[in-house]
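A short worksheet on the structure shown next.
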Amino acid sequence: MQRRVNIWSNIDWLTVAMYLVLVFLGWINIYAAVYNEDHHSIFDFSQRYGKQLIWIAAALVIAFIVFIIDINFYSYFAYIVYGLMIFLLIAVLIFGKEVHGAKSWFEIGRFRIQPAEFAKIATALVLARYLSSYNVQINTLKSYLRVAAIILIPSLLILLQNDTGSALVYFVFILVLYREGISESILLLGLFVVILFILALVLEKLIIIFLSIAIVFIIFWFLNRRLKNVGIGIGILFLTSAVLYGINEVLSMGLSYYYIILAALGISGLVYTILAIRYKIKNVALLLVFLIGSVLLTYSVDHVFNNFLEPHQQKRINVVLGLESDPYGVEYNVNQSKIAIGSGGLYGKGFLRGTQTKFDFVPEQSTDFIFCTIGEEWGFMGTFFVVSLFVFFLYRLIGIAERQRSPFSRIYGYGVVSVLFFHIVINIGMTIGLVPVIGIPLPFFSYGGSSLWAFTILLFIFLRLDASRLELLK
Amino acid sequence: MLHSFIVDSFANRRHIIRFIIILIGLVYIVKLFVIQVVDSTYKLTASSNVLRYVTQFPARGLIYDREGKLLVYNEAAYDLMVIPRQLEPFDTTEFCQILDITKEYVDEALRRAKEFSVYNSSIFLKQVSSKTYANLQEKLYKYPGFFVQARTLRKYTLENGAHLLGYVGEVNNKIIESNEYYKSGDYIGVSGIEQSYEEYLRGQKGVNVYLVDVHNRIQGSYANGRLDRKAKVGSNIISTIDSDLQAYGEKLMRNKIGSIVAIEPSTGEILALVSSPTYNPELLVGRIRTKNYVTLMSDTLKPLFNRALMAQYPPGSTFKVVNALIGMQEKTLFPYTKYECVGAYYSRGLRVGCHFHRSPLNLIESIQMSCNTYYCNVFRSILDNKKYPSIRESFDKWREYIMSFGFGQYLNSDFGNELKGLVPTKQTYDRIYGENGWRSLTLISMAIGQGELGTTPLQMANMTAAIANRGYYYTPHVVEEIEGDFDLDERFYQKNYTKIDSNYFEIVIEGMDLAVNGEPGSGSTARSAQIPEITVCGKTGTAENPHGKDHSIFIAFAPKKNPKIAIAVYIENGGFGSTWAAPTAKLMIEEYLNDSISVPWWEEYVLNAEINYNAETSKHME
Ligand SMILES: [Zn+2]
């Protein structure tokens, strides 16, 4: 009995209050977004705003249930819950219903539920459970592989459901790993791969190979600190390239510059290796691997881009990179979205006064593009408030995570922060044209039971853990 | 108090994470400040409270015939659009008067528009005439929420080629859901060239964004037209059709049911494609479309049904040519091979009748006189060839040859609605007779092109082209050129070889020559296809029809050297091939090669044909 009294008084009520404000704002903006003169009551349950009110009520009941469950349940049963989620993700591939091309819904009567939304919670729990085990050292190959498996299995299953947006969410768990001490070089490598991938789409392969060579020599100079060695290296490469170029011209073999440079690199690479062994120069092998890796990566980009992405996904990426114009599809939607938000001005047009948001993307107006309604009807004041509230909310959650005494609670807390952060950044970013159009909901705002409940459970498990943080003194 | 099991040495990384979150928050706030407060392109002025998106519909590409004669063009039409949200009470009486509609229509149309969307525009009244439009234009300011959108409608220079050209119709919900480009009320090619080349013909829609004031008046272009997209006009298409030949073919077929397909063998270009009965393409344009469509659909003679591509008939005796080629290729038949004919073929109690002619005949004569007995022997020699362990293998071989002429499969022309036709497989017979229950005699009707075979007129014309080319064909197609930087599909430039050596074709062509041009009294079966000065090579056929009188078939090409045209004619219930199909084909060939008819009597004969079609036959026609 003593314990339970403690729990209620230890709840972080500020976070709960922010949660309620966000959910409330979501509700009234859904009302404004799909406002229909024939059904003007906000309590009309045949309309989305009426239904959202039911989802909210249910979410509060769910939050309460989350609270009365014993905290040990979440860590003890993490793996079981995770296993169950994986099972559901597979089951939905077989028995699921297809909505907008994504096979990610279970339909039970008139009720639809999306397991992908809940799989994030299970993943955050398992990640916390695994990383908080006594004997786990994060920077070992074994841990890397296990962590990768925990994160990527649900992600791949969701990708198979054709729900790319929800699948991408899982990459944000890198933030959790970062907090828990994953080596910076791994992250830098990851970052490098991403940057190279984007560059490879935008730039010519030839330019990228020059860039990579330049970077390698600069790193070599940093590690080695001897200009002479760098000079010799460049000299060898330059000479072999010139010779190969000459041969190519004389025999008129018609090879492109790219292949000449590639061949020259191959030959010089051999020479470097011999020299490095002979004079015991360090790090040469590593740099060569790096160089070969980046060549292979640029090579694979086209392949990945053309074969693994759907045409509409390629289009979205191309539009953001400015490589393609798509006036009728994505670009048009983003333009509409920007006009809606921009037309709100400083103070907005007022509640239910928006005209633009109702224009062109009716199907997603209350879900993925709900931020447009905020922008148009509440102006910069509204968007500033919402963005700030989100930032403060995340800031607060990090604070709560850091005050945990059990690593499990802390890691889980960072999982919550990461997932919310990703959703917020991507969703708002796409409405103002800063990131590609990826259809994922804005936490607590977007219409839909599945996502609201999932975010509620995600958050309240953390608040539940936090409420019991003092019990872990023993 | 700060007792922990694991030393948390990375606690200061929280600052970096917080920093990232705040940084992105700031970037977003700055970006929002820019688009909401600083950048005025997104602002709407006080007097103009609405943006209006007016779609610019590009003119659809024109269609020409192979001589460059215009066949299909466009005419302006206007759709009256409505945005329910912007409606204000208006004078319905005057409104109805201008548009010549009833008050009930207004109520119903507005209800439908509201149901679709309160904020998006939808069509209130389709295809208002230019005159009404001029009237309406002046008074539109009285009716906020309404505006006019220009579109184009198809117009035809001739009454011909409806099946070839196809028609344009409104998109249905299925298309809207599966293809982002189409919005409710848009048009799309539904059949023929309009359908197959939709992507080229339609062009690319554009959009103009206007500022509109509360009085429904356009205030000007929004953001200096920065968000406007220019419409791209559709590409014109030059078809392979010879419109004179097409018109002539339709004229000859006017009182008949059936079809004609003419192909240029050296390219695979379709010169004419007639399906009779046909309809005037104008019937399926504009507001009258729906009504006419229903009428045409309920016509028992099925004028909308494209017989040239979709009707399957047995090929009849024309198929003897193919069996002769296979026999020679398989070395079970030689030009000098002779078979006796006593007016019928008898074997184990089975009888296949023949007509009277002299006997015995060699290969060339057998084609000239179309002897059934001869081909029963040829066919059995192919299937009972000792080279193969059993009939299962020899049948497969035979089938392979047949398929190489394009039978039993889609030819992959540029028409979307071809039928495959029917060439039976081993399994077909296994099912009927059991695995060891069938022999060459069981299949004997296919020797003379009857039985389980089904071919379309297009496939027959294609086979004729392959014979004319002495062994190969180009996939038939109806478009010669797409204007702009577009190439036709590569498959139209590739030769498809039959599995028969080209020298064997010379022999059957000799037979086809004699069938048309043999001396009177020599037993030639197709003398009604003779044209002075031009060597027509042809073969008659009669397709058995269980529902009525047999169908009359004729295939031919001309001239014998460097053929310019290959043709297949089907006249349903026309009886013998020589009666109606052969003279029809002859007239078509003459019209195409000479632009004139040497013996007008033949034209009259064909035009005045009286073929008895009762309701019963027409019902079973396909
Ligand atoms: Zn005979």
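The values are calculated or read from the model by the stated rules, or taken from the named source; none is laboratory data. Only a predicted model underlies this, so the values are computations on that prediction, with no experimental measurement involved. No Cβ is skipped: glycine too gets one built from the backbone with ideal geometry, and neighbour counts run over all protein chains shown.
Of the numbered criteria (1) among the aromatic types (Phe, Trp, Tyr); (2) in contact with a Cys (Cβ under 9 Å, 6 or more places away or on another chain); (3) crowded, with 16+ Cβ neighbours inside 10 Å, the one residue B:105 fails is (3).
Scanning the range A:283-313 for residues that are under 22 Å from residue A:263 (Cα atoms) and exposed (fewer than 11 other Cβ atoms within 10 Å of the Cβ) yields a total of 3. Looking at the range B:329-346, I want the residues that are within 14 Å of another protein chain (Cβ to nearest Cβ) and have a partner that is within 14 Å of the ligand (Cβ to nearest atom) and assigned to a loop (DSSP other than H, G, I, E, B) with Cβ atoms under 7 Å, at least 6 apart or on another chain. Which pairs are those? The qualifying pairs do not exist here.
Here is the figure for the range A:375-388: residues that are under 23 Å from the mean Cα position of the chain (by Cα) and either within 15 Å of residue A:429 (Cβ to Cβ) or more than 10 Å from chain B (Cβ to nearest Cβ) (or both) total 3. Of the residues making up the range A:155-169, at least one is small (Gly, Ala, Ser) and modelled with pLDDT of 90 or more.
For the range B:321-355, the set of residues classified as farther than 30 Å from residue B:501 by Cα, part of a loop (DSSP other than H, G, I, E, B) and within 12 Å of the ligand (Cβ to nearest atom) consists of B:342, B:343, B:355, listed by residue number. One residue is enough: does the range B:90-106 have a residue meeting the conditions more than 14 Å from chain A (Cβ to nearest Cβ) and assigned to a strand (DSSP E or B)? No, every residue in the range B:90-106 fails to be more than 14 Å from chain A (Cβ to nearest Cβ) and assigned to a strand (DSSP E or B). Residues considered: A:189, A:168, A:156, A:175. Of these, the only one that is touching a residue at least 60 places away in the same chain (Cβ under 8 Å), assigned by TED's automatic domain parsing to the domain that holds residue A:407 and within 26 Å of residue A:314 (Cα to Cα) is A:168. Across the range B:113-138, the number of residues qualifying as surrounded by fewer than 16 Cβ atoms within 10 Å (Cβ to Cβ), within 14 Å of chain A (Cβ to nearest Cβ) and basic (Lys, Arg) comes to 0.
Yes/no per residue for (1) in contact with a strand residue (DSSP E or B) (Cβ under 9 Å, 6 or more places away or on another chain); (2) at pLDDT below 85:
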residue: A:337; (1), (2): no, yes
residue: A:341; (1), (2): no, no
residue: A:356; (1), (2): yes, yes
residue: A:366; (1), (2): no, yes
residue: A:375; (1), (2): no, no
residue: A:384; (1), (2): no, no
residue: A:396; (1), (2): no, no
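In the range B:356-370, the qualifying residues are those that are near the ligand (Cβ under 9 Å from one of its atoms) and not small (Gly, Ala, Ser), and the one that is farthest from the other protein chains (Cβ to nearest Cβ) is B:356. Selection of the range B:371-396 for residues being within 16 Å of the ligand (Cβ to nearest atom) and aliphatic (A, V, I, L, M) yields only B:378.
Mind checking whether some residue in the range B:471-484 is more than 19 Å from residue B:239 (Cα to Cα), of a type in the set (Val, Ile, Thr) and part of a loop (DSSP other than H, G, I, E, B)? No, that holds for no residue.
Does residue A:434 satisfy being farther than 29 Å from residue A:318 by Cβ and either away from every other protein chain (no Cβ under 14 Å) or of a type in the set (A, V, I, L, M) (or both)? The answer is no for residue A:434. Looking only at the range B:397-420, decide whether some residue is under 37 Å from the mean Cα position of the chain (by Cα) and either within 14 Å of chain A (Cβ to nearest Cβ) or within 16 Å of the ligand (Cβ to nearest atom) (or both). No. Only one entry in A:45, A:106 is outside any helix (DSSP H, G or I), free of Cβ contacts under 8 Å to residues at least 40 places away in the same chain, assigned by TED's automatic domain parsing to the domain that holds residue A:458 and under 30 Å from residue A:382 (Cβ atoms), namely A:45. With respect to the conditions (1) within 16 Å of the ligand (Cβ to nearest atom); (2) in a strand (DSSP E or B), residue B:260 falls short on a single one, namely (1).
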